[in-house]
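The values are calculated or read from the model by the stated rules, or taken from the named source; none is laboratory data. In this text, all values refer to a predicted model and were calculated from it rather than measured experimentally. When we count neighbours, we look across all protein chains shown, and the Cβ atoms used for this are built from the backbone with ideal geometry, even at glycine. Quick note on the areas: whole protein, heavy atoms, side chains included, nothing else; ligands and nucleic acids left out. Shrake-Rupley method; radii C 1.70, N 1.55, O 1.52, S 1.80 Å.
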Amino acid sequence: MTKSNRTVNRIAILILAAMLALPAAGCNPLTRIKGWGARALEKQKSAVLIGLCMDTLQEERWQKDRDMFVARAKELGAQVLVTEAAGDDELQNKQAENLITQGVDVLVVVPHNGVTAASIVEKAHKAGIKVIAYDRLINDSEPDLYISFDGERVGFLQADYLLDRQPTGNFVWLAGAPTDFNAHLFKKGNARALKPFIDRGDVKIVFEDWVEDWKPENARRLTENALTRNRDNVQAVIAPNDGTAGGIIQALKARNLSGKVLVSGQDADLAACQRVVEGTQSMTVYKPIHALSRAAAEITVAVARGEDISARINNAVNNNKIDVPSVLIPPIQVDKDNMMATVIKDGFHSYDEVYRNVPFEKRPPKN
Ligand code: BGC
């Protein structure tokens with residue numbers, strides 16, 4: 001075979017390989033993330049610029065997310081521009097546009113509204129910028145990656161804990177902000193745990209609603225309504241996170257019911273961990289933010305540099321348009337019995353902070 005024939009053959013093989021790969025690229029989430037290197041090889045040497053476009057800092061966790069993400073990215077030689085939209089969709093869109101204009105290499109988004117944030121993905125892609133959905137998924141669009149905790153599992157752990165201690169009775173079921181796709185995943189997980197108990201007639205959902213914008217005062221108001229309607233005959237409240245659990249527990253306190261009605265949560269906020277060891281909140285779901293933010297920063301920098309991150313993908317989550325390649329981290333159920341072995345052992349909060357209001361003789365041994 002002549003040299004030119006060999007070249008033609010090689011080109012034909014390459015074209016065939018590309019044709020075979022093409023149909024798969026649209027549907028296989030793993031194929032999606034391969035070969036991201038085009039814009040990126042030159043990035044190996046130059047500094048990486050990341051945009052971190054956050055919804056809110058309302059909950060304590062988001063400050064940890066921000067600080068830990070930025071610190072890890074810096075260690076890896078990247079610079080991070082952070083924006084925060086305080087729950088305002090329009091503002092978040094503008095901030096994202098601004099980050100795109102500033103020429104970030106990758107845009108990391110915690111969307112306030114999973115649906116309207118789809119336009120952020122579109123705009124970034126038009127500018128050749130990859131988008132990573134951080135903690136909350138972006139719907140109806142094609143984000144390049146989703147990195148989060150297993151949301152359905154979070155919801156399952158919340159309801160499962162309450163049902164284990166209270167397998168019968170009247171339950172109030174509050175879900176998070178309807179604009180947040182996570183809230184739907186948590187609710188789906190709640191439903192999976194609840195279903196057999198409801199089907200058997202052992203558990204009755206006496207009140208059900210969504211908590212607008214995850215606001216504790218909204219959760220408080222809804223709980224007051226639920227209690228009034230049911231003449232205080234409620235045995236458990238499914239709280240979608242620790243912030244809302246705080247509002248719910250205030251409503252229970254006002255009727256002398258706190259510590260008597262089971263309440264769930266999530267985030268392992270300091271105030272919630274204190275309530276758990278003091279007995280007014282039954283449990284929380286601990287989501288190790290250091291694991292999430294660290295992994296996200298490492299993956300983001302790797303994406304910016306065009307490195308292969310396929311080994312880190314462990315899942316795919318559908319966002320109503322595609323199966324988004326995902327990295328999901330398992331969450332951990334926490335109550336007063338394993339507080340020491342989880343939240344405190346990891347240094348998420350200190351022993352002194354968590355047990356601050358517990359009399360010394362009632363605290364577990366420090367070591
Ligand atoms: C997060 C929770 C948080 C909630 C309110 C959810 O998307 O997963 O950890 O408590 O938003 O900010």
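Right, residue 169: open to solvent by less than 40 Å² (accessible area, probe 1.4 Å), of a type outside the set (Asp, Glu), on the phi > 0 side of the Ramachandran plot and touching a residue at least 40 places away in the same chain (Cβ under 8 Å) or not? For residue 169, the condition - open to solvent by less than 40 Å² (accessible area, probe 1.4 Å), of a type outside the set (Asp, Glu), on the phi > 0 side of the Ramachandran plot and touching a residue at least 40 places away in the same chain (Cβ under 8 Å) - is met. Of the residues making up region 210-234, those that are touching a strand residue (DSSP E or B) at 6+ places or on another chain (Cβ under 6 Å) and surrounded by fewer than 19 Cβ atoms within 10 Å (Cβ to Cβ) are 230, 233. The combined condition, being assigned to a loop (DSSP other than H, G, I, E, B) and over 29 Å from residue 184 (Cα atoms), is not fulfilled by residue 353.
Scanning region 269-285 for residues that are away from the ligand (no atom under 11 Å from the Cβ) and either closer than 30 Å to residue 75 by Cα or part of a loop (DSSP other than H, G, I, E, B) (or both) yields 270, 279, 280, 281, 282, 283.
Exactly one residue among 148, 141 is within 19 Å of residue 321 (Cα to Cα), touching an Asp or Glu at 6+ places or on another chain (Cβ under 6 Å) and in contact (Cβ under 8 Å) with a residue 60 or more places away in the chain, and that residue is 148.
For residue 92, the requirement of being closer than 16 Å to residue 126 by Cα, among the polar types (S, T, N, Q) and at pLDDT 95 or above is not met. Residues in region 277-290 that are at negative phi, open to solvent by 20 Å² or more (accessible area, probe 1.4 Å) and not charged (D, E, K, R): 277, 280, 282, 290.
When residue 232 is tested against (1) more than 22 Å from residue 110 (Cα to Cα); (2) assigned to a helix (DSSP H, G or I), just one condition goes unmet, and that condition is (2).
Considering only residues in region 136-166 that are buried (at least 22 other Cβ atoms within 10 Å of the Cβ) and of a type in the set (S, T, N, Q), the one that is farthest from the ligand (Cβ to nearest atom) turns out to be 141.
Let's see how each residue does on (1) part of a strand (DSSP E or B); (2) on the phi < 0 side of the Ramachandran plot; (3) open to solvent by less than 60 Å² (accessible area, probe 1.4 Å); (4) within 16 Å of the ligand (Cβ to nearest atom):
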site	(1), (2), (3), (4)
267	no, no, yes, yes
292	no, yes, yes, yes
303	no, yes, yes, no
321	no, yes, no, no
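Among the aromatic types (Phe, Trp, Tyr) and under 25 Å from the mean Cα position of the chain (by Cα) - does that describe any residue in region 354-367? Looking through region 354-367, none of the residues is among the aromatic types (Phe, Trp, Tyr) and under 25 Å from the mean Cα position of the chain (by Cα). Residue-level check: of (1) touching an Asp or Glu at 6+ places or on another chain (Cβ under 8 Å); (2) farther than 16 Å from residue 254 by Cα, residue 222 misses just (2). Being under 24 Å from residue 63 (Cα atoms), surrounded by fewer than 22 Cβ atoms within 10 Å (Cβ to Cβ) and within 16 Å of the ligand (Cβ to nearest atom): is that true of residue 329 here? In short, yes.
The lone criterion from (1) farther than 18 Å from residue 111 by Cα; (2) surrounded by fewer than 16 Cβ atoms within 10 Å (Cβ to Cβ); (3) within 16 Å of the ligand (Cβ to nearest atom) left unmet by residue 79 is number (3). Note on region 85-135: residues that are within 16 Å of the ligand (Cβ to nearest atom), of a type in the set (A, V, I, L, M) and open to solvent by less than 10 Å² (accessible area, probe 1.4 Å) amount to 7. Scanning region 167-195 for residues that are of a type in the set (A, V, I, L, M), touching a helix residue (DSSP H, G or I) at 6+ places or on another chain (Cβ under 6 Å) and within 12 Å of the ligand (Cβ to nearest atom) returns 175, 177, 185.
In region 45-65, the qualifying residues are those that are within 15 Å of the ligand (Cβ to nearest atom) and touching a Ser or Thr at 6+ places or on another chain (Cβ under 9 Å), and the one that is most open to solvent (accessible area, probe 1.4 Å) is 64.
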